[in-house]
Amino acid sequence: MKAPTSKIRFENAKTLLDYGFANFEYKELVNENDIIQSVKIKKGIYPCVNVISKSSLGCVIAKGIYVNIEQNIEIDPNIEAPITEGKTLGKISFTIDGETIAECDLISYNDVRKINFISMNKFVLGNWLNLFR
């Protein structure tokens, strides 16, 4: 900004900042560890696991455009146990008019062990005993 004086330089900077604060805003899209959805697990001791965002996402956008943001969640439909806590199961992305503005990984909230003979028997016996309550 090769202005002749510092007063002109500061005035130009002030004009630029005023324009930015008047026309743009920061929007938080998702917070770290927000539960996004529950996903079914095949062959696990639990039927599903919560999927959370790995990190916080936000962006600076023009005011009024926030209503045009689309959220896209991509998760593999064939997830099998065992799953460790923090394993990447998919991703979440945010777009405006088809252009991606932010994205992050979706991870599992907790561990899900693979079902075995003993845990299956406990499950069946527990459900059978609950019928008599």
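The values are calculated or read from the model by the stated rules, or taken from the named source; none is laboratory data. In this text, all values refer to a predicted model and were calculated from it rather than measured experimentally. Because the Cβ atoms are built from the backbone with ideal geometry, glycine has one as well, and the counts that use them run over all protein chains shown.
Pairing each residue of the stretch 100-122 that is modelled with pLDDT under 85 with any residue that is part of a strand (DSSP E or B) and crowded, with 16+ Cβ neighbours inside 10 Å, provided the two are 6+ apart or on different chains, yields C-beta distances under 8 Å for ILE115/GLY44. Under the condition of being within 14 Å of VAL39 (Cβ to Cβ) and assigned to a strand (DSSP E or B), the residues counted in the stretch 85-104 number 5.
If you take the residues of the stretch 1-34 that are of a type in the set (D, E, K, R) and part of a loop (DSSP other than H, G, I, E, B), which of them is surrounded by the most Cβ atoms within 10 Å (Cβ to Cβ)? Lay out the reasoning, then the answer.
First, pick out the residues of the stretch 1-34 that are of a type in the set (D, E, K, R): 2, 7, 9, 11, 14, 18, 25, 27-28, 32, 34.
Going one step further and asking which of them are part of a loop (DSSP other than H, G, I, E, B), we end up with 2, 32, 34.
Working: LYS2: 4, GLU32: 11, ASP34: 13.
Once the filter is applied, the top-ranked residue is ASP34.
Per this entry, TYR26 is counted among residues that are hydroxyl-bearing (Ser, Thr, Tyr) and either farther than 30 Å from PHE123 by Cα or touching a Phe, Trp or Tyr at 6+ places or on another chain (Cβ under 6 Å) (or both). Taken as a whole, the stretch 91-101 holds no residue that is of a type in the set (Phe, Trp, Tyr), surrounded by fewer than 16 Cβ atoms within 10 Å (Cβ to Cβ) and within 18 Å of the chain's Cα centre (by Cα).
Taking the stretch 49-71 only, how many residues are in a loop (DSSP other than H, G, I, E, B) and either under 15 Å from GLU99 (Cα atoms) or among the basic types (Lys, Arg) (or both)? Steps first, answer last, please.
The initial filter retains those residues of the stretch 49-71 that are in a loop (DSSP other than H, G, I, E, B), namely 54-56, 63-65.
The next check asks that each one be either under 15 Å from GLU99 (Cα atoms) or among the basic types (Lys, Arg) (or both); those that pass are 54, 63, 65.
Qualifying residue count, the stretch 49-71: 3.
Matching residues to (1) over 22 Å from GLU25 (Cα atoms); (2) among the hydroxyl-bearing types (Ser, Thr, Tyr):
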residue: GLU70; (1), (2): no, no
residue: ILE75; (1), (2): yes, no
residue: ILE79; (1), (2): yes, no
residue: THR84; (1), (2): yes, yes
residue: LYS91; (1), (2): yes, no
residue: PHE94; (1), (2): no, no
residue: GLY98; (1), (2): no, no
residue: ILE101; (1), (2): no, no
residue: ASN110; (1), (2): yes, no
